[in-house]
Amino acid sequence: MNEDGIDPRRIDRVARCFDSTGRLLRWPSKRADQLLALWVVWSYVPADIQMSEPEVSSMLRDWHGYEDYALLRRELCDLDMLRRTPNGRIYRRVQHHLPPEAEALVARFSPAAA
């Protein structure tokens, strides 16, 4: 672990679950790694935009390659990264500050990192 509280080995391990563009290819097996991967997915969700469930599902389908967009949607909602109206029709991203490890992982997939 470095002085910023970031474990480079963990970042490398979770980064292997993504392709070079940041598209999630497989779901990490460790819960802590899953949470870190979800921050990357969360970072792709547009802020301050209302989306329908089909729009969210379509977006999530495009960002991963293992065919379980519903899992991602549920996890994002359960972790209060994404909120939906009581009837489930409208979704919005919840603003958060990225944890340092999540910020390091997201930076790997930014166009400037390429």
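The values are calculated or read from the model by the stated rules, or taken from the named source; none is laboratory data. Just so we're clear, the structure is a prediction, and the values are computed from it rather than from any experiment. So basically every Cβ, Gly included, is an ideal-geometry build from the backbone, and we count neighbours across all protein chains shown. Quick note on the areas: whole protein, heavy atoms, side chains included, nothing else; ligands and nucleic acids left out. Shrake-Rupley method; radii C 1.70, N 1.55, O 1.52, S 1.80 Å.
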Query - Mean shadow area of segment 72-114 over all directions, Cα convex hull, nm² - result: 3.9
Requested in this report: Provide the solvent-accessible area of residue 17, counting protein heavy atoms only and rolling a 1.4 Å probe, rounded to the nearest 10 Å².
Outcome: 10
Query raised in the report: Expressed in nm to one decimal, what extension gain is obtained for the pair residue 66 and residue 96 from 0.36 nm per residue of sequence separation less their Cα-Cα distance?
Result: 8.2 nm
Query raised in the report: Based solely on its DSSP helices, what 222 nm [θ] is calculated for the chain when runs of n ≥ 4 H residues each add -39,500 (n - 2.57) and the sum is averaged over all residues, nearest 500 deg cm²/dmol?
Result: -13000 deg cm²/dmol
Report summary line: Distance in Å, no decimals, from the C-alpha centre of segment 1-51 to the one of segment 61-114 is 9
Query - Relative contact order of the chain, pairs being alpha-carbon contacts under 8 Å that are 6 or more residues apart, as % - result: 32
Query - Fully extended contour minus Cα-Cα distance, from residue 20 to residue 33, at 0.36 nm per residue - result: 2.9 nm
Query raised in the report: Which value does Rg/Rh take for the chain over its C-alpha atoms, Rh per Kirkwood?
Result: 0.96
Query raised in the report: Carbon-plus-sulfur fraction of the accessible area of the chain, 1.4 Å probe, in percent?
Result: 50
Report summary line: Stretched fully, the stretch from residue 4 through residue 103 gains (0.36 nm per residue minus C-alpha distance, one decimal, in nm) 34.5 nm
Query raised in the report: Using a 1.4 angstrom probe and counting only protein chains, how large is the accessible area of residue 80 in Å², to 10?
Result: 50
Query raised in the report: Say R0 is 25 Å: what FRET efficiency, to the nearest 0.05, do residue 49 and residue 13 get from their beta-carbon distance?
Result: 0.20
Query raised in the report: What does the accessible area per residue of the chain come to in Å², with a 1.4 Å probe and no ligands, DNA or RNA counted?
Result: 59
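With the radius of gyration and the Kirkwood radius both derived from the Cα set of segment 23-75, what is their ratio Rg to Rh?
0.95
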